[in-house]
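Enquirer: The structure under discussion is supplied below as structure tokens; questions concerning it will follow.
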Amino acid sequence: MTADERATADVVPFRSATRAWFAISLQTFGGPAGQIAVMQRALVDDRRWISQRRFLHALNYCMLLPGPEAHQLAIYVGWLLNGLRGGLVAGVLFVLPGMVALLALSAIYVAFGDATAVAALFTGLGAAVVAIVAQAVVRVAGRALRHPVLIAIAVAAFVALAVFGIPFPVVIAAAALIGWWAARRVPGFHRSQHAEEAADGPEPLIADEALHAESPSTTRTLRALAIGLVVWTAPIALAALVLGTASIFTAQGLFFAGTALVTFGGAYAVLAFVAQQAVQTFGWITAGDMVRGLALAETTPGPLIMVVQFVAFLGAYADPGPLSPWTAGVVASLLVTWVTFVPSFLFIFLGAPYIERLRGNTAIAGALAGITAAVVGVIANLGVYFAESTLFATVHAGPLALQVPELATLRPVPLVIALAAAGLIFLARWPVLRVLGISAALGLAAGLVGLPVG
């Protein structure tokens, strides 16, 4: 079969693929690691639709891109199996259950968040997030910091963000440049990036050569880019036209569209930037809202970056403009979800035909290693931010860009729940979803017996 014939062929029956992606979408809890594991089991191990080698090759490409890598991996594998429509179905189904669930939870939070029982429940969830983010720091550090240069990048990233307040995109760009330089100049740096070779896994039912392919060309690339940019930006233009350029919908659309282009290293890496802007710059939500929104996003399937939908809902509900608050919240949620996830489709459909040209490129591997090392510092900064917001009632500005908690305002209930959650995660090795359930129950119990949870 020629490349042109493979460009229009379904490698597996489209209905079977759709059913498989829907089943996968209901199991995508636990962040990108858990989501990738679900796809590994369903597509490589059980159905054997794709080889381990091609699965890992697709994943490596997705790791180079901004945005949620697990979502992009789903689009890429869907494209390999069923072409354009396969990538679209895989990508849409991957985020749909989480979007619906978080939209419902956002509405519940707005309607009942001030009730004692609900407030106590969210206090428990927020405290668990402190332990969850700490686990993320440990996990990413264990994978990423294999060379002294990488350790230095991680520490510098944390200091740049926490102490000097340097913008997140600048930190990521600098880390990429240092990694690129180190891969070319520092002895032993490149060897430190080689992970142990994964086993080939079971023999696939479909040969690698039979998977979907397209001949790369400038015409195809320009056409895909033009269509993608129009599809991506059209809702923002419509919001500006109908509701005004000064409306919160236009502001959120533009901000989160830009954020989608700098989310290297997964959701945790960019959440500190999102939290800082949404809380301090735009005033859409409070720091406590951000922590609780992240906890809610942890309980739903799909990419964790879906928390931006929660931010948009609360911001638009509080400033609805000519719309009713509930309508504004729903419209903002859908708009922000659109501009956040459409770039993932664009990156895959543009880059997939050129993917082979990236294999074995030492400089690109070094830049990615630098970004991943910086992510450790970024996530650590996020953990400090969430811990201060959750465990202390008052946080005030310190020297430079430091935020200093007032020790006298320590909140004992969230502290105890956070410590309990840390024990369950690090010692008992419980899954995140179970820890969130226990933490929510502890918060609810504390509120019902009259302990201070606010």
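The values are calculated or read from the model by the stated rules, or taken from the named source; none is laboratory data. This is a predicted model, so every value here is computed, not measured. Here the Cβ is made from the backbone with ideal geometry for all residues, glycine too, and neighbour counts use every protein chain on show. Note: areas computed on protein heavy atoms with side chains; ligands, DNA, RNA excluded. Shrake-Rupley method; radii C 1.70, N 1.55, O 1.52, S 1.80 Å.
Enquirer: Can you list the residues, at least 5 places off or on another chain, whose amide H is less than 5 Å from the amide H of residue 392, using H built in the peptide plane?
Expert: Result for residue 392 returns 411.
Enquirer: In nm, to one decimal, how far is the modelled label at residue 363 from the one at residue 53, with both set 7 Å along Cα→Cβ?
Expert: Taking the simple label geometry, residue 363 and residue 53 are separated by 2.8 nm.
Enquirer: For the chain, what is the accessible area per residue in Å² when the probe is 1.4 Å?
Expert: So the chain comes to 43 Å² accessible per residue, rounded to a whole number.
Enquirer: Before anything else, pin down the relative contact order of the chain: Cα pairs under 8 Å, at least 6 apart, normalised by residue count, whole percent.
Expert: Relative contact order comes out at 31 percent.
Enquirer: Taking the dipole about the Cα centre of the chain, with the C-beta of Lys and Arg at +1 and of Asp and Glu at -1, give me whichever of 141, 296, 282 is farthest to the positive side.
Expert: 141
Enquirer: Hey, if you put +1 on the Cβ of every Lys and Arg and -1 on every Asp and Glu Cβ in the chain, which of 397, 432, 217 ends up farthest toward the positive end of that dipole?
Expert: Ranked along the dipole, the leading option is 217.
Enquirer: Just how large is the dipole of the chain about the Cα centre, in debye to the nearest 20, putting +1 at every Lys and Arg Cβ and -1 at every Asp and Glu Cβ?
Expert: So the magnitude is around 460 debye.
Enquirer: May I ask you to evaluate 6.51 cos²θ - 1.76 cosθ + 1.60, the Karplus curve with θ = phi - 60°, for each residue of region 391-403 and list the ³J(HN,Hα) values in order in whole Hz, giving x for glycine and proline?
Expert: After applying 6.51 cos²θ - 1.76 cosθ + 1.60, I find 8, 10, 6, 10, 10, 10, 6, x, x, 6, 9, 5, 10 Hz.
Enquirer: Quick one: putting +1 on the C-beta of Lys and Arg, -1 on the C-beta of Asp and Glu, what dipole do you get for region 23-182 around its Cα centre, in Debye to the nearest 20?
Expert: Roughly 560 debye, rounded to the nearest 20.
Enquirer: If you don't mind, there's one more thing I want to ask. Let me cross-check residue 10: its accessible surface, 1.4 Å probe, with only protein heavy atoms counted, in Å² to the nearest 10?
Expert: That residue has around 70 Å² of solvent-accessible surface.
Enquirer: From the phi angles alone, apply the Karplus equation (6.51, -1.76, 1.60; θ = phi - 60°) to region 37-44 and give each ³J(HN,Hα) in whole Hz, x where the residue is Gly or Pro.
Expert: Per residue, the Karplus-derived 3J(HN,Hα) values read 5, 4, 5, 4, 5, 6, 9, 8 Hz.
Enquirer: Of (1) 189; (2) 149; (3) 248, which one was derived for volume of the Cα convex hull per residue in Å³ from the structure shown?
Expert: The value matching this structure is (2).
Enquirer: Of 343, 89, 364, which is farthest on the positive side of the dipole of the chain, counting Cα position, with +1 on Lys and Arg Cβ, -1 on Asp and Glu Cβ, and the Cα centre as origin?
Expert: My answer, from the dipole projection, is 364.
Enquirer: Okay, next question. What longest region of the chain stays clear of GluC sites (Glu not before Pro) that DSSP places outside H, G, I, E and B and that have at most 13 other Cβ atoms within 10 Å?
Expert: No qualifying site falls inside 198-405, the longest such stretch.
Enquirer: Any idea what the dipole of region 308-452 comes to, in debye rounded to 20, about its Cα centre with Lys/Arg Cβ at +1 and Asp/Glu Cβ at -1?
Expert: Computed about the Cα centre, the dipole is about 400 debye.
Enquirer: Quick one: if the Förster radius is 60 Å, what FRET efficiency do residue 220 and residue 138 give, using the C-beta to C-beta distance and rounding to 0.05?
Expert: On the way: r = 43 Å, r/R0 = 0.72.
Between residue 220 and residue 138 the formula returns 0.90.
Enquirer: Something else about it: What is the calculated FRET efficiency for residue 15 to residue 334, with r their C-beta to C-beta distance and R₀ = 30 Å, to the nearest 0.05?
Expert: 0.65
Enquirer: Exposed loop sites here are trypsin sites (Lys or Arg not before Pro) in DSSP loop states with at most 11 other C-beta atoms within 10 Å. What is the longest stretch of the chain lacking them? Intermediate values should be presented prior to the final figure.
Expert: Numbers: sites that count: 359, 429.
Longest stretch, sites excluded: 1-358.
Enquirer: In terms of modelled amide H atoms, which long-range or inter-chain residues lie less than 5 Å from the amide H of residue 403?
Expert: The answer is 398.
Enquirer: With every protein chain present, what accessible area does residue 324 have (1.4 Å probe, heavy atoms only), rounded to the nearest 10 Å²?
Expert: Rounded to the nearest 10, the figure is 60 Å².
Enquirer: Taking all protein chains in place and a 1.4 Å probe, what share, in percent, of the accessible surface of region 199-264 do carbon and sulfur account for?
Expert: Working: 2470 of 3430 Å².
Carbon with sulfur: 72 percent of the solvent-accessible area.
Enquirer: Could you compute how much accessible surface residue 386 exposes when probed at 1.4 Å, giving the result in Å² to the nearest 10?
Expert: Residue 386 exposes around 0 Å² with every protein chain in place.
Enquirer: Using 7 Å Cα-to-Cβ label points, what is the residue 231/residue 428 separation (nm, one decimal)?
Expert: Here the modelled spin labels are 4.5 nm apart.
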